[in-house]
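Shown next, in structure tokens, is the structure this report addresses.
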Amino acid sequence: MLLKCNKTIPERAKHFVVKGSCTPTPGGGCPVASNVQTTPGDMTERGCTYAGCRGVVGGPVKDVIQLTHGPIGCSFYSWGYRPHLADSDFHIKYSFTTDLEESNIVFGGEQKLLQSIIEAAEEFPEAKGVFVYNTCAPALIGDDGKDIAKIAQEKIGKPVVFFRCEGFAGVSQSLGHHVGNETIFKELVGSVEPEGDFSRSINIVGDYNIKHDIRTFEPLFEALGVRIITRFTGNVSVDEIKIMHKAALNVIHCARSATYIADMMKDKYGTPYIHVTLWGIKHMSDALRATAQFFGLEDRAEQVIEAQVAKIMPQINHYRSRLAGKKVFIYQGGPRAWHWPQLLRELGMDVIAAATTFGHEEDYDKIYENVGDGTLIFDNPNALEIEEVLTTYQPDLFISGNKERYIAYKMGTPFVNGHTYDTGPYAGFSGMVNFARDIDRAINAPVWKLVQKKARPVPGWNGNRNETSMAEAF
Ligand code: CFM
């Protein structure tokens, strides 16, 4: 399917399908093309491998020096945009960089890296280690950062973990997740053997504590009698990562960014894992049930679920009565686009268009499974495509990130920030109420009475960037 705005890049057609009018893959999955290099001319919103490693997986570790080996911009623009909160703020408050300049590119940056690690460790003795992220520049000139990390580790007497996550390495930030998982697993997991009974313990794998999501569900697992030892990687310390191999079960939330480490733990330590969703009433209940079943605690799970659901239902029913029948366009980085259709149905709403920035085949298969016929599913959107979809599909709500917020407002579409949350947290039972409240505020805001609510095309613009410029259209 080719949008009007893609007349000049017909390669985009294979990244769009409509469920019900496309031929599924032989396995019954979604036939959309994904996880491939962006076509030249397509102004992608994707991030780089460094972004996925530093911003998503490594960055939330709360007690290490987060050091970017590269030009200063890589450090500044990866600092503080994602609210992976913790009960301390060292990882958010400071950003460290080797600040590579022209002379370092000419003569090499290794010496500067070594000095930076030592200086930062001396300046902040409270830090429990150093995470060093490689960027494009030192990778291109051939700095051996891994070797420097080894030397530095001996000098400072704390772990120095080097991530080979140079930005150009993959087609999106997704490779950075993989690099982050693999490096942390190899360098840290299992490096300490604690005493104690871990028979009723789990790791939450792939939750990054966006706006304190973990606070909504950690007490629920505790109420089952299950202890979370490591949260990979939201509100987590280096010492907790070192012992994560002791858990009896890995409970995976974000399958896209963190199944890698669970697979490696399964191979090396035999740790089983389950995939769950921790947003929404049905999903959260299912997650507690599946965890309880593993430990033979089914009765407790039913008690916890019953009490929690009873508590939130009056508010959920209130919001449902205000939101029922509304149509949603959801565009997220990856899995949230398939985690959330169920949750939106619980509020009486339907997804009519769904997209991801870097989802893989499995993510699109899950979206396909979770939406109805007629839903547009597409991959790696750009701003013009988003405008066209808002115009032609006329959703009542657009759930996406801050990059898209003003496209939505410009087009007159109510918007909720699904990446970093408008208020949050959104996970767990109590988070579901926050999510419903934010959606209600967006859709039923009085401002829509004053402006035309539905997305509309710019007058005179036919969607083809070559034929009529936006400036002419105005
Ligand atoms: Fe996993 Fe995430 Fe997501 Fe992700 Fe992200 Fe995020 Fe996301 Mo933004 S780890 S894939 S790289 S659930 S930062 S907490 S919201 S794009 S859908």
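The values are calculated or read from the model by the stated rules, or taken from the named source; none is laboratory data. These numbers were taken from a predicted model, which means no experiment stands behind them. Positions of Cβ are generated from backbone atoms using ideal geometry, with glycine treated the same way; all protein chains shown enter the neighbour counts. In case anyone asks, the SASA skips ligands and DNA or RNA and just uses the protein heavy atoms, side chains included. Shrake-Rupley method; radii C 1.70, N 1.55, O 1.52, S 1.80 Å.
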Criterion: without any contact (Cβ under 8 Å) to a residue 60 or more places away in the chain, assigned to a loop (DSSP other than H, G, I, E, B) and over 24 Å from residue 385 (Cβ atoms) - qualifying residue of 114, 100 = 100
Can you give me the number of residues within the range 60-82 that are in contact (Cβ under 8 Å) with a residue 60 or more places away in the chain, open to solvent by less than 30 Å² (accessible area, probe 1.4 Å) and more than 10 Å from the ligand (Cβ to nearest atom)?
-> 10
Given (1) touching a residue at least 40 places away in the same chain (Cβ under 8 Å); (2) open to solvent by less than 10 Å² (accessible area, probe 1.4 Å), number of the condition residue 337 does not satisfy | (1)
If you go through the range 182-201 one residue at a time, do you hit one that is within 14 Å of the ligand (Cβ to nearest atom), among the basic types (Lys, Arg) and surrounded by fewer than 24 Cβ atoms within 10 Å (Cβ to Cβ)?
-> no
For the range 239-260, name all the residues that are within 16 Å of the ligand (Cβ to nearest atom) and more than 16 Å from the chain's Cα centre (by Cα).
-> 250, 251
Could you grab me the full set of residues in the range 345-361 that are buried (at least 18 other Cβ atoms within 10 Å of the Cβ), within 15 Å of the ligand (Cβ to nearest atom) and not polar (S, T, N, Q)?
-> 351, 354, 355, 358, 359
Identify the single condition in (1) buried (at least 20 other Cβ atoms within 10 Å of the Cβ); (2) over 15 Å from residue 75 (Cβ atoms) that residue 141 does not satisfy, given that it satisfies every other one.
-> (1)
State yes or no: is residue 174 under 24 Å from residue 51 (Cβ atoms), more than 16 Å from the ligand (Cβ to nearest atom) and among the hydroxyl-bearing types (Ser, Thr, Tyr)?
-> no
Enumerate the strands (runs of 3 or more DSSP E) found wholly within the range 180-256, keeping only those where 2 or more residues are at pLDDT 95 or above and of a type in the set (Lys, Arg).
-> 227-233
From 413, 423, residue being hydroxyl-bearing (Ser, Thr, Tyr) and more than 16 Å from the ligand (Cβ to nearest atom) = 413
Quick one: which of 74, 30 is touching a Gly at 6+ places or on another chain (Cβ under 9 Å) and either outside any helix (DSSP H, G or I) or under 29 Å from residue 125 (Cβ atoms) (or both)?
-> 74
Hits in the range 324-333 (condition: outside any strand (DSSP E or B) and in contact with a His (Cβ under 8 Å, 6 or more places away or on another chain)) = 333
Among the residues of the range 202-229, the number that are open to solvent by less than 20 Å² (accessible area, probe 1.4 Å) and within 16 Å of the ligand (Cβ to nearest atom) is 12
Before we move on, is residue 289 within 16 Å of the ligand (Cβ to nearest atom), in contact with an Asp or Glu (Cβ under 8 Å, 6 or more places away or on another chain) and part of a helix (DSSP H, G or I)?
-> no
